[in-house]
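Each remark here refers to the structure printed beneath this line.
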Amino acid sequence: MDNTIMIVDDQTLNLRLLEEVLKDYTVILAKDGEHALQILEGDNLPDLILLDVLMPGLSGFEVIKKIKDNDKTRDIPVIFITGLKSVQDEEEGLNLGAMDYIMKPFNPAIVRARVRNTLRFRNQQKMLETMAHIDGLTEISNRRNFDVILNREFKSAVRNKRWLSLIMIDVDQFKHYNDSYGHAKGDVALIKIAKTIKSCLKRSDDYVARYGGEEFAVILPDTDEIGGTEVAESIRQAINTIKMEHKKSKGDPWLTISLGGYSCIPEHSQNEQRIIEKADICLYRAKNNGRNCVEWEQSVK
Ligand SMILES: [Mg+2]
């Protein structure tokens, strides 16, 4: 993993020395606390901050408080690198949330080792965060991430007065499939279905998640009923095309899906739960209409 380190120090010589010591990494240099905080407002966030304590303007202790108070930067580990040698200073730095404390004059090998350890921790943490968003079986987003994305898209649609569509998808007679072919085959089928649904989504903002056992959900921003049913129909057909054998099925002798969709231009007073309920009602209708079909509803409110 390529890591970026920000070094904050008012002494140009220190910046140069540390840059040389950490030349295996991408390095961002900041000459004081204000400069560092300015960089942290941008999109290119470092994975680790090496922070001097004594600087004109904001001290390192004041800078770390601001870093830890900001949701966007709170998780970036900070290592103090300072000439302050008292135990009280070290204690204060660690209490403010620093991961480590290095005394000047520093030993290059020690700096490298502590940076390496801290980055290893940071990278593991980032990996866990990513995994927490992903369904372990199908490797698409999980329910938790779906809730976050739907909430975000809902707010954005309210703000911009734009269409938002949601498709709820359920694999037909899946329990029956598991009973006949075993759960291992059931898992393989779910992986294939997830992959197929994903391949039907063409725009970068279109989004699919595993909603529950054999249920999937698709969020389509900026999409009304016409666009939404088109996507839903393409997903339904794609699943029919791969023909995953299900001989004992009451309908076609392969696995099929039912889809319920809902489109609206949501309003401030509503919440996204309503969209899920409406799409769910359509999904039930699709089941009742004999499965392997799409049911849709649209509302301007
Ligand atoms: Mg200094």
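What is the residue count in the range 2-16 for residues that are assigned to a helix (DSSP H, G or I) and in contact (Cβ under 8 Å) with a residue 60 or more places away in the chain?
1
Considering only residues that are hydroxyl-bearing (Ser, Thr, Tyr) and within 16 Å of the ligand (Cβ to nearest atom), which ones fall in the range 61-110?
If the condition is that a residue be hydroxyl-bearing (Ser, Thr, Tyr) and within 16 Å of the ligand (Cβ to nearest atom), then THR82, SER86, TYR101 are the ones that fit.
Look at the range 260-301 and say how many of its residues are closer than 13 Å to ALA232 by Cα and not in a helix (DSSP H, G or I).
The number of residues fulfilling the criteria is 10.
Which one of ALA132, ALA113 is more than 16 Å from the ligand (Cβ to nearest atom), over 28 Å from the mean Cα position of the chain (by Cα) and not hydroxyl-bearing (Ser, Thr, Tyr)?
Selected residue: ALA113, the only one of ALA132, ALA113 that is more than 16 Å from the ligand (Cβ to nearest atom), over 28 Å from the mean Cα position of the chain (by Cα) and not hydroxyl-bearing (Ser, Thr, Tyr).
Let me confirm something: among ARG116, ARG144, ARG112, which residue is farther than 30 Å from MET168 by Cα, open to solvent by 80 Å² or more (accessible area, probe 1.4 Å) and out of contact with any Leu (no Cβ under 8 Å at 6 or more places or on another chain)?
Going through ARG116, ARG144, ARG112 in turn, just one is farther than 30 Å from MET168 by Cα, open to solvent by 80 Å² or more (accessible area, probe 1.4 Å) and out of contact with any Leu (no Cβ under 8 Å at 6 or more places or on another chain): ARG116.
Please go through the range 13-33 and give me each residue that is of a type outside the set (Gly, Ala, Ser) and within 11 Å of the ligand (Cβ to nearest atom), ordered by number.
Result: LEU13, ASN14, LEU15, LYS31, ASP32.
Would it be correct to say that ASP222 is among the acidic types (Asp, Glu), open to solvent by less than 20 Å² (accessible area, probe 1.4 Å) and modelled with pLDDT of 95 or more?
no
The values are calculated or read from the model by the stated rules, or taken from the named source; none is laboratory data. Fair warning: this is a prediction, and the values are worked out from it, not measured in the lab. Note that each Cβ is placed from the backbone with ideal geometry, even for glycine, and that neighbours are counted across all protein chains shown. Only protein heavy atoms, including side chains, enter the accessible area calculation; ligands, DNA and RNA are left aside. Shrake-Rupley method; radii C 1.70, N 1.55, O 1.52, S 1.80 Å.
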